[in-house]
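> Would you mind keeping the following structure in view while I ask a few things?
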Amino acid sequence: MSEQTLNGKHAKSLAKPVYIDNLDPKDYVIIDVRGKDEYDDVHIKGAINLDEMDDIESKVKSTKDKKVLIQCRRGGRAAKVGTHLVEKGYDVYYFDDLFSKFYDRDNITLEGKNIDSLRNLSY
């Protein structure tokens, strides 16, 4: 088996990193791997909240028409899930940056009961 290279500037993963400047949500099925309470506070409109690996893998397996982007709060969970999925043979992407990068972007709509909760998130 050939050695695989870890990708990313912040959280390392076998999955392909995506950064805010080249993210168009219409190009992806976005899987938000944060817990339900975090998701309910604020999430990208249209993102699917799945935090169990079996559910995530099932969704990835059934997605044929778009790329899959794994996303969390700071990139760490997304990187781990992305690596697991790549090791299982899936071609996935992960958002390798802070959730706060989604604020004030014309092409990204946020929704939830506490939308500003992660606006000032930093490393």
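Any read-out appearing in this document is the output of simple, stated calculations on the displayed coordinates, not a laboratory observation. Owing to the predicted nature of the structure, the values given are computational and were not obtained by experimental measurement. Glycine also receives a Cβ, built like all others from the backbone with ideal geometry; neighbour counts cover every protein chain displayed.
> Report the gain in length on full extension from K16 to K66: 0.36 nm times residue separation, minus Cα-Cα distance, nm rounded to one decimal.
16.5 nm
> If each of K59 and S100 carries a label point 7 Å out from its Cα toward its Cβ, how far apart are those two points in nm?
2.5
> Same structure, new question: Among K16/K113; K9/K113; K61/K113; K12/K113; K36/K59; K26/K101, which pairs are too far apart, with a Cα-Cα distance over 28 Å?
Long pairs (Cα-Cα over 28 Å): K16/K113; K9/K113; K61/K113; K12/K113.
> Could you tell me how many degrees, from 0 to 90 and to the nearest 10, lie between the Cα long axis of helix 76-87 and the main elongation axis, the longest principal axis, of the Cα atoms of the chain?
Once rounded, one gets 30 degrees.
> Another question, then. Along the charge dipole of region 4-122, pointing to its positive end and built from +1/-1 on Cβ of Lys, Arg, Asp and Glu, which listed residue (I30, S13, S100) has its Cα farthest out?
Working it through, the farthest residue towards the positive pole turns out to be S13.
> Please list, in order along region 38-44, the HN-Hα scalar couplings obtained from phi with the Karplus expression 6.51 cos²θ - 1.76 cosθ + 1.60 (θ = phi - 60°), rounded to whole Hz, x for Gly and Pro.
5, 4, 4, 5, 7, 7, 6
> Let me ask another. Just in region 1-82: which GluC sites (Glu not before Pro) are loop by DSSP and have at most 10 other Cβ atoms within 10 Å?
Answer in residue order: E3, E52.
> Then there is this: Any chance you could check the Cα centroid distance between region 79-115 and region 1-41 for me, in angstrom?
Centre-to-centre distance over Cα atoms comes out at 4 Å.
> Pairs of alpha-carbon atoms within less than 8 angstrom and 6+ residues apart define the contacts here; what relative contact order does the chain have, in percent?
Taking the mean separation of contacting Cα pairs over the length of the chain, I get 33 percent.
> Run lengths n ≥ 4 of DSSP H only: what is the helix-derived mean residue ellipticity at 222 nm for the chain, with -39500 (n - 2.57) per run over all residues, to the nearest 500?
My calculation for the chain gives -6500 deg cm²/dmol from helical runs alone.
> Another one. When a/c is below 1.5 the answer is rounded, else prolate if a/b is larger than b/c, else oblate, so apply that to region 1-63 with a ≥ b ≥ c taken from the square roots of the Cα gyration tensor eigenvalues.
prolate
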